[in-house]
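The values are calculated or read from the model by the stated rules, or taken from the named source; none is laboratory data. Quantities reported herein were computed from a predicted structural model and do not represent experimental measurements. Glycine also receives a Cβ, built like all others from the backbone with ideal geometry; neighbour counts cover every protein chain displayed.
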Amino acid sequence: MGTHFLKKSGTAAIAIIFAVFLAAIHTYASQEELALFDQGYGYYLSYEPEKAVESFHVFLNEFPDSSAKDAALFWLGRSFVSLRRYEEAKQIFSKLKQEIPDSPFIMYAERELETINTPDAGKETKTAIEKIDSEIQALRNEKARTDKILTQITEERDNLRFLLEEEKIKMRALEADASRFDGELKEILARLQTLRKDHENNNATVTTSQNQIDEPVAVLQEVTKEATAESDERVIPNDTVQGTEQEQRNQVEDPHKNEKAYPVIQQSSSHTLELIANEETWISVTIDDRESRERLLKPGARVKWTAKSGFSLRIGNAGGTKIIFNGQDIGPLGEKGKVVKLKLPSLKLSTSHKEPSKVL
């Protein structure tokens, strides 16, 4: 324990002397000398004795007469001891004693020589140096491992940043697609609304509303009775029929001489009847002498039926109704406000001068 205490005391004394010595060096030595000496001493303190030996050799070669020569020799010897090159360390310490006998490092150089020459002390010094070297190597290995981990972490961070940028680009592309799809969807919805409105308008012109269809039956029956009571049913006059026969005979002689008053109604296994209201009017229709229907038509309304044998019609406004039978317009039936009865396909027509619009 006493030996260990002496070594510690000696090291402390060396440090104090060296501090005083450095102050003197800073006073007399040049900047270049100081820089080179500090470099070697820094290597020694950093546990890099190989570089320390090299730096102190350069210093002694370039500045052989330097005031810091004894310090350079001493720390050069200590660097050799760290490298376990004991013979070279002995030579350096002996050279220090011979060339600069009044140096304050002589006492410490002699102690180093005693330590080197003592077998047990040498082993102890060797063991301490080996321990220090082992610790230094462990620190270096730990530093290398830490640097490797740090490099891996840095690479992973860079990869994550790259992936994040790619995801941002994809997200912006998806947002652009979503915006475009949203615009297209709005346009499609607008078109659907337009088509729906057109369809509703067409249905309004093709069929009557349920309220128009379900008008009070009692009113229509009363109007029908009055129209029937005041109308004088008539069949197309014989002279008209004879005139028609005469026209047919004339057409046999000259087909292009005259046109018919009514379109030819083609006979077929089934018949179609379509009514178009130009003005408000009521109608009553009997299909195949069995099924009867009554309607109150508004302007623009259309109704259509199909029969096997024919139709019987009562129309409250002859001039405001257009009749298409089997695809052919049978022409005007009378004046506005006149009540007419009509049988198809026989084309029997009867009229009344009463204006049913007053009743309606």
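Residues of region 55-84 that are over 19 Å from Phe105 (Cβ atoms) and free of Cβ contacts under 8 Å to residues at least 12 places away in the same chain: Asn61 alone. Of all residues in region 99-150, those that are among the acidic types (Asp, Glu), closer than 18 Å to Val53 by Cα and modelled with pLDDT of 90 or more total 1.
Tell me, which residue of region 310-333 that is modelled with pLDDT of 85 or more and part of a loop (DSSP other than H, G, I, E, B) is nearest to Trp282 (Cα to Cα)? Going through the qualifying residues, I end up with Gly316.
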